[in-house]
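*Asks:* Please find one structure pasted underneath; my questions will follow.
The values are calculated or read from the model by the stated rules, or taken from the named source; none is laboratory data. Only a predicted model underlies this, so the values are computations on that prediction, with no experimental measurement involved. Backbone-built Cβ (ideal geometry, glycine too); neighbour counts: all protein chains shown. Remember, those area values only see protein heavy atoms, side chains included, never the ligands or the DNA or RNA. Shrake-Rupley method; radii C 1.70, N 1.55, O 1.52, S 1.80 Å.
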2 protein chains.
Amino acid sequence: MFDSMWTVKVVSLGVVGLSLSLELLFWLFSRRRSERVTNKVLFFPSKVACVEHIFSPTLPHSHVCSLPHGVDTSFSRLLRYILSACSSLDLCLFSFSNMDLSRAVLLLHSRGVTIRVLTDKVYSAISGSQIGVLRKAGICVRCDVSAVHMHHKFAVVDGRMLITGSLNWTLTAVQSNMENIIITEEPDLVQPFVKEFCRLWGLNDSAQDLNSVTD
Amino acid sequence: MFDSMWTVKVVSLGVVGLSLSLELLFWLFSRRRSERVTNKVLFFPSKVACVEHIFSPTLPHSHVCSLPHGVDTSFSRLLRYILSACSSLDLCLFSFSNMDLSRAVLLLHSRGVTIRVLTDKVYSAISGSQIGVLRKAGICVRCDVSAVHMHHKFAVVDGRMLITGSLNWTLTAVQSNMENIIITEEPDLVQPFVKEFCRLWGLNDSAQDLNSVTD
């Protein structure tokens, strides 16, 4: 009788322990998943600060530019999200004239990240546009050939992180205007943009990849 | 001995049953939560279709407009998300000239929904802007008084649903341009916009609420 009671207790405790461990694992898994999924919002105008340390972390950046250092700004965060690309960066941009953003894209290109840029035909040729610079560096650029505005301002990093909002990739948008971007890894939000990018990329003439463009 | 074995089995089964029920409840709860949270993306240009049935569900809409009927478009979905507002609608819009969107806002106003509109001063006065119409109807409108562009294009429905993207609230944006908007209830994405709206609303002169504006 005494042995049986012990058996009851041991078996019950074992089952309770197993059950609690499962609950804990499930909870940890859910928690890790929700921690993994980025959902951030950045507002602009951004404070103006030195971003040299983002491009060259080893350089003593105090020697490189006279702007305030070590300040975490909306723009420095945006740069970091873009520079986190390991394998691919798809850009679908109405206007692209910001030189620091262009430098980030060129840096990724030099690291071997596959970059595709889809842009508005009219805005790609305006003064200060970085589209020609990217193309000359060997980055694959296509211009939307339709008569309407290709007004998107989104980027997809490694096919899993979406950067989108009101912000054109210009200096005015970053430093002057009131603007927003969201950075998200929610598949329900990211995947439609991945699909739309592929659709628009396919719609435009692949022969463009070989063409030169006015800077 | 026989009784004790039964006790072991009954207690073990009870604990296993309880554990499984808890797992199931937890799973159902997580599933229902993720089903509740809206995460949608709409792309534009939208197909052009009749939207009368959205404004007046009881009307025989075939009599009202000659456009295709019963077509679910990006624009009809956007209208439905906006018209789902029960208590409040905060609009932060660079440009607002789309008459159907203006009609939706006026309809919500007539239903007693609290509406606040923050817009760009320059664009509020251009030909076709709906800002004057909204103000004349008694809707609270403030124009951003800074020298830069108030370039946001977002709406917050009932303080819980965010509508944001590249889309200005104009006819060209809806029917011609390539544009995107996301609709989300993710608190990490919605709350920063709620906060930013309050900040910008507070920054601009409340005396404006009483001023008239050029249509």
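*Asks:* Going by alpha carbons, how many degrees (0 to 90, nearest 10) lie between the helix axis of A:187-203 and the longest principal axis of chain A?
*Replies:* 30
*Asks:* What number, in percent, do you get for the relative contact order of chain A if the mean sequence gap of Cα pairs under 8 Å and at least 6 apart is divided by its residue count? Display every interim value, and only then the final one.
*Replies:* Numbers: 333 pairs, mean separation 50.6, N = 215.
RCO, chain A: 24 percent.
*Asks:* What are the distances, in nm and sorted shortest first, from the label point of B:Ala49 to the label points of the same position in each other copy, with each label point placed 7 Å from Cα along the Cα-to-Cβ direction?
*Replies:* 4.8
*Asks:* What gaps in nm, shortest first, separate B:Glu23 from its twins in the other copies when you place the label 7 Å past Cα toward the beta carbon?
*Replies:* The projected label point of B:Glu23 is separated from its counterparts by 1.3 nm.
*Asks:* Specify the angular offset, from 0 to 90 degrees and rounded to the nearest 10, of the alpha carbon long axis of helix A:74-83 from the longest principal axis of the alpha carbons in chain A.
*Replies:* Helix A:74-83 and the main axis of chain A meet at about 80 degrees.
*Asks:* For B:Cys86, A:Cys50, give the ranking by accessible area with the largest first, probe 1.4 Å. Mind showing how you got there, number by number?
*Replies:* Working: B:Cys86 110, A:Cys50 0 Å².
Accessible-area ranking of B:Cys86, A:Cys50, largest first: B:Cys86, A:Cys50.
*Asks:* Let me have the 222 nm mean residue ellipticity of chain A computed from DSSP H runs of 4+ only, each contributing -39500 (n - 2.57), with the sum over all residues rounded to the nearest 500.
*Replies:* On the way: 8 runs with 93 residues, N = 215.
Calculated mean residue ellipticity at 222 nm is -13500 deg cm²/dmol.
*Asks:* Which residue fluctuates most in the GNM of chain A (Cα springs below 10 Å): A:Ser88, A:Ser146, A:Ser166?
*Replies:* In the Gaussian network model the winner is A:Ser146.
*Asks:* Out of all DSSP beta bridges with both ends in chain B, state the antiparallel percent to the nearest 5. Working shown, then result.
*Replies:* On the way: 19 of 31 bridges.
Given both bridge residues lie in chain B, the antiparallel proportion sits at roughly 60 percent.
*Asks:* Continuing with the same structure: Could you compute Rg(Cα) / (2.2 N^0.38 Å) for segment A:38-210, with N its residue count? Don't skip to the end; give the middle numbers.
*Replies:* Numbers: Rg = 15.6 Å, N = 173, 2.2 N^0.38 = 15.6 Å.
Rg over 2.2 N^0.38 Å, computed on Cα atoms: 1.00.
*Asks:* Taking a point 7 Å out from Cα toward Cβ as the label site, list the nm distances between B:Thr172 and the same residue in every other copy, smallest first.
*Replies:* 1.4
*Asks:* Taking each residue of B:178-189 in turn, how many C-beta atoms of other protein chains fall within 10 Å of its C-beta, and what is the average?
*Replies:* Numbers: counts 14, 7, 10, 1, 11, 1, 6, 0, 7, 1, 9, 8.
Across the residues of B:178-189, the mean count of other-chain Cβ atoms within 10 Å is 6.
*Asks:* I need the semi-axes of the equivalent ellipsoid of the protein assembly as shown: take the C-alpha gyration tensor, multiply each eigenvalue by 5, square-root it, list largest first in whole angstrom.
*Replies:* 45, 33, 23
*Asks:* Test of understanding: in a Gaussian network model of chain B with alpha carbons linked when under 10 Å, which of B:Val190, B:Val145, B:Val156 would top the mean-square fluctuation ranking?
*Replies:* Answer for the Gaussian network model of chain B: B:Val145.
*Asks:* Relative to the longest principal axis of the C-alpha atoms of chain A, give the angle of the C-alpha long axis of helix A:99-110, reported between 0 and 90° and rounded to the nearest 10°.
*Replies:* Computed tilt is about 70 degrees.
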